[in-house]
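Report on one structure; see the data block that follows.
The values are calculated or read from the model by the stated rules, or taken from the named source; none is laboratory data. Quantities reported herein were computed from a predicted structural model and do not represent experimental measurements. Because the Cβ atoms are built from the backbone with ideal geometry, glycine has one as well, and the counts that use them run over all protein chains shown.
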C-alpha cells in the first residue's frame, strides 16, 4: 500500500512541469488572441459601418449596386459575413442554398468561439491542478521545518492559481466580445435573406 501511495505521489508531482508549461503556452496564446481580436474588432466596426451604408441601396431595390459593394467588402475586409451575404444575394442560388448560408455562418461563429471556451474551462482547471500539486511538498516541508521548501512550493501554487484565473478571464472577455459580434452579424444575414426572399415572392 505504501508503494502505491508513493507511485501516486510521484505521478502527481511529475504532472507539475507539464501543467506549468501548458499554462504558459495558453497565456501566450490568449494574449496574442486578445491583440488579434482587438484588431478584428476595429475592422468589424469599419465593415459594419460600410454595410449599414450599403443597405440603403438594398432597401431601395438597387441589388446590383449592393452586390458590387459586397464584392468589394469581400476583397477589402476578407469578411466571411460579406461573402455569405453575397451568396444570399446571388440570383442563381435557390432557397436551400441561401438558407444554408445561415448554417455555414453559424458553424463559422462556433469555431470562433471554441478556443475562448477552451480558455475559460482549461485555464482555471490547470491553475487548480498547479495549486494542489505543490501543496503536498509544502506540507512535507512544513512538517520537517524546511521553510525554504515551504515558501518555494507555496509560491508555485499561488502563481499557477493566478495564471489560471488570468487565462480564464481573457477567455471570457474574448468569448463575450466574439459572441456579441457574431449575434449582430447573424441578425444582419437573416435580414438580408428574408428581404431577398420577400422581394422575389412579390415579383412572382
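Out of all the residues in the stretch 42-51, is one or more closer than 30 Å to residue 162 by Cα and either in contact with a helix residue (DSSP H, G or I) (Cβ under 9 Å, 6 or more places away or on another chain) or loosely packed, with under 14 Cβ neighbours inside 10 Å (or both)? Break it down into steps so the answer makes sense when it comes.
Of the residues in the stretch 42-51, the ones closer than 30 Å to residue 162 by Cα are 42.
Checking the rest, the ones that are also either in contact with a helix residue (DSSP H, G or I) (Cβ under 9 Å, 6 or more places away or on another chain) or loosely packed, with under 14 Cβ neighbours inside 10 Å (or both) come to 42.
Among the residues of the stretch 42-51, at least one is closer than 30 Å to residue 162 by Cα and either in contact with a helix residue (DSSP H, G or I) (Cβ under 9 Å, 6 or more places away or on another chain) or loosely packed, with under 14 Cβ neighbours inside 10 Å (or both), which makes the answer yes.
Regarding the stretch 171-190, can at least one residue be identified that is assigned to a helix (DSSP H, G or I) and either over 30 Å from residue 32 (Cβ atoms) or in contact with a strand residue (DSSP E or B) (Cβ under 9 Å, 6 or more places away or on another chain) (or both)?
Yes, some residue in the stretch 171-190 is assigned to a helix (DSSP H, G or I) and either over 30 Å from residue 32 (Cβ atoms) or in contact with a strand residue (DSSP E or B) (Cβ under 9 Å, 6 or more places away or on another chain) (or both).
Quick check on residue 157: is it at pLDDT below 90 and either crowded, with 17+ Cβ neighbours inside 10 Å or within 30 Å of residue 29 (Cβ to Cβ) (or both)?
When the stated conditions are applied, residue 157 passes them.
Give 190, 202 a once-over and let me know the one that is over 23 Å from residue 24 (Cα atoms) and within 24 Å of the chain's Cα centre (by Cα).
Going through 190, 202 in turn, the sole match is 190.
Search the stretch 1-27 for residues being more than 18 Å from residue 132 (Cβ to Cβ) and surrounded by fewer than 10 Cβ atoms within 10 Å (Cβ to Cβ), and hand back the single one that is modelled with the highest pLDDT.
Applying the filter and picking the extreme gives 3.
Return the only residue of 162, 166 being assigned to a helix (DSSP H, G or I), touching a residue at least 12 places away in the same chain (Cβ under 8 Å) and surrounded by fewer than 16 Cβ atoms within 10 Å (Cβ to Cβ).
Working: 166 fails: surrounded by fewer than 16 Cβ atoms within 10 Å (Cβ to Cβ).
Answer to the selection: 162.
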